[in-house]
Amino acid sequence: MNWPEDFIDKNSMLYWYPKIVGLSIPKPITYFTTKGADWDKTRNYLVWSKRTEKEIESAIRKVGLPVFLRTDLMSCKHEWGKTCFLKDINDLKAHLSALAEGTYLADIIGKPVDCFVVRQYIPMKNLFTAFWGKMPVNPEIRFFIKEGKVLCWHWYWIEDAIEKPSNPNWKEIIAQTKRECYHEIRGQLTQYAEVIAEKFKDDGAWSVDFCQAENGIWYLIDLALATESWHPEDCEELKGIREVKL
């Protein structure tokens, strides 16, 4: 898609995905719609065109169900089975409505839904489920990059962020998984992050997220501006990230 960069929120996949799509780093197959959703004439409902829905259905046929759905800005993943995880095409409209509404309500002035994104669903290494939508919690690592360099990395799912875990031993599971992932983080994932850092070296500071699949492969799943991404307060790199000028 050829969207003018000056008119795109940098957190949008419309901005960052074209920059990484050609990199030889594992990533889900991804399709974008030409347009997203907007208010109807009554300003009461977020709606999308028949063309948009056909584009989504076409993408789903290509990757096969289930699929991972999102808008260009977010997946509303905590609702999981009502938003990003689609396994029945008959539920498509309900999922799109929930995604559009969730994206819009993520900001006090309302975030736009410039497009919908259909992504290949990759079974991840599920540790347990959590939150009200019974979302799978998987091994996820977040790197921070700036000026062509990798600044630091952190475990994505911190204990304070977990709600309604399905396994009473979830803390032990996370601790064990951290130990098992350490060498891959310091090796292959850091190398991936370095490649992405070089690609974004003139574009401020970013967070880069990787998730481990059921088969052990790590996939690049998301990027966002570092200034708008959670970062541990005790990390010595935090001050430099907060001071970055976008």
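The values are calculated or read from the model by the stated rules, or taken from the named source; none is laboratory data. Quick caveat, the model's predicted, so the values are computed rather than measured. Because the Cβ atoms are built from the backbone with ideal geometry, glycine has one as well, and the counts that use them run over all protein chains shown.
A few points about this structure:
- Each residue in the range 113-135 was checked for being among the β-branched types (Val, Ile, Thr) and assigned to a loop (DSSP other than H, G, I, E, B), and 1 of them qualify.
- Among the residues of the range 138-152, those identified as within 17 Å of the chain's Cα centre (by Cα) and assigned to a strand (DSSP E or B) are Glu140, Ile141, Arg142, Phe143, Phe144, Ile145.
- Of the residues making up the range 144-177, just one is in contact with a strand residue (DSSP E or B) (Cβ under 6 Å, 6 or more places away or on another chain), closer than 28 Å to Arg242 by Cα and basic (Lys, Arg), namely Lys146.
- Selection within the range 43-71: residues that are more than 20 Å from Gln120 (Cβ to Cβ) and hydrophobic (A, V, I, L, M, F, W, C). The member of this set that is surrounded by the fewest Cβ atoms within 10 Å (Cβ to Cβ) is Val47.
- Residues (part of a helix (DSSP H, G or I), crowded, with 19+ Cβ neighbours inside 10 Å and not hydroxyl-bearing (Ser, Thr, Tyr)) located in the range 187-234: Leu189, Ala193, Ile196, Ala197, Ala226
- Matching entry among Ser24, Ser75, Ser58 (being in a loop (DSSP other than H, G, I, E, B) and either at pLDDT below 95 or over 23 Å from Tyr104 (Cα atoms) (or both)): Ser24
- Of everything in the range 27-55 that is β-branched (Val, Ile, Thr) and in a loop (DSSP other than H, G, I, E, B), the residue that is nearest to the chain's Cα centre (by Cα) is Ile29.
- All positions within the range 72-85 that are at negative phi, more than 10 Å from the chain's Cα centre (by Cα), surrounded by 18 or more Cβ atoms within 10 Å (Cβ to Cβ) and in contact (Cβ under 8 Å) with a residue 40 or more places away in the chain: Glu79, Lys82, Thr83
- Residue ID - surrounded by the fewest Cβ atoms within 10 Å (Cβ to Cβ), chosen from residues in the range 105-127 that are at pLDDT 95 or above, farther than 18 Å from Phe32 by Cα and out of contact with any helix residue (DSSP H, G or I) (no Cβ under 7 Å at 6 or more places or on another chain): Pro123
- Residues located in the range 160-173, provided they are modelled with pLDDT of 95 or more, assigned to a helix (DSSP H, G or I) and under 23 Å from Trp132 (Cβ atoms): Trp170, Lys171, Ile173
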